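What follows is a set of notes on a single structure, which appears directly below.
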Amino acid sequence: MMALAYIDAATLLAMAIVSVVRYDVLSKDFRILSLFFVGSVINTSLQFYTSMHNINNMVLLHLYTLSEYAVLMYVMSLWQKKVIMMRAFRLSIAAFFVIWGLAKIFIEDHTRFDTFTSPLANFTITCAAVYTMVFLYRENRSTLIKNARFWIISAIIVYYSGNIVFFAFTNILLSYSAPQIMFVWSIHWFIGIITNLLYSEGFLCKRLP
């Protein structure tokens, strides 16, 4: 099962490399995503390094939750045709910053998984992605799979909808037996692999926005 973890990491790195190689031909929104994914590789590497040295790295996960929400909601706001929705997406970033900060003070322990803010972020990002996909489909019905945004939004929906429950119960999962923990984490890694492949297709897509 650990093989899935290595494949997940490898596809993440490959996806980030693809985004960097194509950086010069990317539009603003995709350049932001490219930089974010490079940051994801760095974050994953730091998590691996700290875990190998028995250093609690939960702070990295908490900060990543905040950054991924801000980046993905901002990028999707750029894809909104209605000004009111674009503003709503961006205002949600400010609202999440406040909720995230309050959660760190009153709800979550920074030395454990963020089982409140992470599922909340996942749910909101999923809803925003589904909304964006509906309008993208209506406007590009005949050429949808040739549109880079389709692949990016698909990746977002797969990853964040597939991991809502996982992130909500991660701390509880740690009390299970090793085989059970590995099984659940394998599902998470498999979702990550599919997600990374979809993101890669988005960056390789010939029809960039």
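The values are calculated or read from the model by the stated rules, or taken from the named source; none is laboratory data. Worth saying up front: this structure is predicted, and the values here are computed from it rather than measured. Note that each Cβ is placed from the backbone with ideal geometry, even for glycine, and that neighbours are counted across all protein chains shown.
Please go through the range 53-91 and give me each residue that is of a type in the set (A, V, I, L, M), part of a loop (DSSP other than H, G, I, E, B) and either surrounded by 15 or more Cβ atoms within 10 Å (Cβ to Cβ) or touching a residue at least 40 places away in the same chain (Cβ under 8 Å) (or both), ordered by number. Result: Leu78, single match.
Looking across the range 1-12, not a single residue is of a type outside the set (A, V, I, L, M, F, W, C), surrounded by fewer than 16 Cβ atoms within 10 Å (Cβ to Cβ) and either in contact (Cβ under 8 Å) with a residue 40 or more places away in the chain or outside any helix (DSSP H, G or I) (or both).
Go through the residues of the range 104-118 one by one and say whether even a single one is part of a helix (DSSP H, G or I), in contact with a helix residue (DSSP H, G or I) (Cβ under 9 Å, 6 or more places away or on another chain) and surrounded by fewer than 19 Cβ atoms within 10 Å (Cβ to Cβ). Scanning the range 104-118, I find at least one residue that is part of a helix (DSSP H, G or I), in contact with a helix residue (DSSP H, G or I) (Cβ under 9 Å, 6 or more places away or on another chain) and surrounded by fewer than 19 Cβ atoms within 10 Å (Cβ to Cβ), so the answer is yes.
Assess whether Phe106 counts as being at pLDDT below 95, farther than 20 Å from Glu201 by Cα and of a type in the set (Phe, Trp, Tyr). Here the answer is no, as Phe106 does not meet what is asked. Criterion first (surrounded by 14 or more Cβ atoms within 10 Å (Cβ to Cβ) and farther than 23 Å from Trp189 by Cα) does Ser34 satisfy it? It is false that Ser34 is surrounded by 14 or more Cβ atoms within 10 Å (Cβ to Cβ) and farther than 23 Å from Trp189 by Cα.
For the range 21-30, a residue qualifies if it is surrounded by 15 or more Cβ atoms within 10 Å (Cβ to Cβ) and in a helix (DSSP H, G or I), and the qualifying residues are Asp29, Phe30. Name the residues in the range 13-52 that are in contact (Cβ under 8 Å) with a residue 60 or more places away in the chain, of a type in the set (D, E, K, R) and farther than 16 Å from Leu78 by Cβ, would you? Residue satisfying the conditions is Arg22 alone.
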